[in-house]
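Data first, discussion second: the structure below is written as structure tokens.
Readers should treat all values here as calculations from the given coordinates under stated rules, not as data from a laboratory. On a predicted model such as this, the values are computed, not experimentally measured, just so you know. Cβ coordinates were reconstructed from backbone atoms using ideal geometry, including for glycine residues, and neighbour counts include every protein chain displayed.
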Amino acid sequence: MSAALCAVAVLLLGACGTQVAGGADGATPTASLPWTTEQPSAVTAARLGTDQRTLTLDVQLPDGKGPCVRALKAVLTEPTKNNVWVQVTFSSPDGDRRSGCTGERTGSTRVRLREPLGSQELVVDHDVVFTADGAKPPALRLCGELGCHPAATGCTSASYEQALKAADAPEHTYLDSEHCEGKWLVLDFSWRTGPVCGDTTASPSGCSSQLGDRWFFRAKPSGWSPITATASGGCAAVHRAEPAFPTSLCESLAPLPSSLHPSYPPASASATQSQQP
């Protein structure tokens, strides 16, 4: 009798042990996995308290059925002349998918600034920037890729830089020509190609070849918005996409040189067959 009870006890303990080791959802307990220090995948909002020094940050954090975040904190780092710098960190086992921390949730953390933010910009984790200028308190305004005070949309060099970003132009792109009229814009731009190609000055000899594009834009409250791109001349391509585009800006456009915008037609069936062994 006692032997039978012992056997039942062993089976029950074994079953409990299996449940703990694997978890009800199949995830490995996070206590047995390495926890590493990380930064949030995104910083989505920032708010200042009424004292203008208590800063609350909303951030995206790993989430799952088990514990996924420990030691979430925001700390001040060395300020610069016009910026207040804050770093947000936490620990998580989400680097190992066995943790089950494969989702995300919003969390918040606070830090007290050394002094009121005022006209300074807040920089979080090196690349997320907020400003109180133009914001609706207590929220701060999230700045874009062109900074907190981008150039006004218009026929200016600074505004053309925004248009190049909107067209997803490659790094080290430079303008070949621009045609601008109020709310409409045409940009021809090109970039050097080849290994380790950089700016137009002192580039390696292997960067002598170039590629290029022509883009058409309309002005919107958020900046220059792309309409279409083409290598052809004249207005046909842009008028198919936007009939209101001014003819005066496009009727004299010549096609892009073939060296800037080469065409690679597919190989014919006969040519493909002749290359086969």
Which residues among segment 113-132 fall inside the zone where the amide N is under 16 Å from a point 7 Å beyond the Cα of Ala139, along Cα→Cβ? 129-132
Between Lys165 and Thr50, with labels modelled 7 Å along Cα→Cβ, what's the label distance in nm to one decimal, could you check? 3.7 nm
Gain in length, Thr247 to Thr37, computed as 0.36 nm per residue apart minus the alpha-carbon separation, to one decimal in nm? 69.9 nm
FRET efficiency (Glu115, Ala152; Cβ distance; R0 35 Å; to 0.05) is 0.65
Taking a virtual spin label 7 Å from the Cα of Asp58 along the C-beta vector, which residues in segment 92-115 bring their backbone nitrogen under 12 Å of it? 106-109
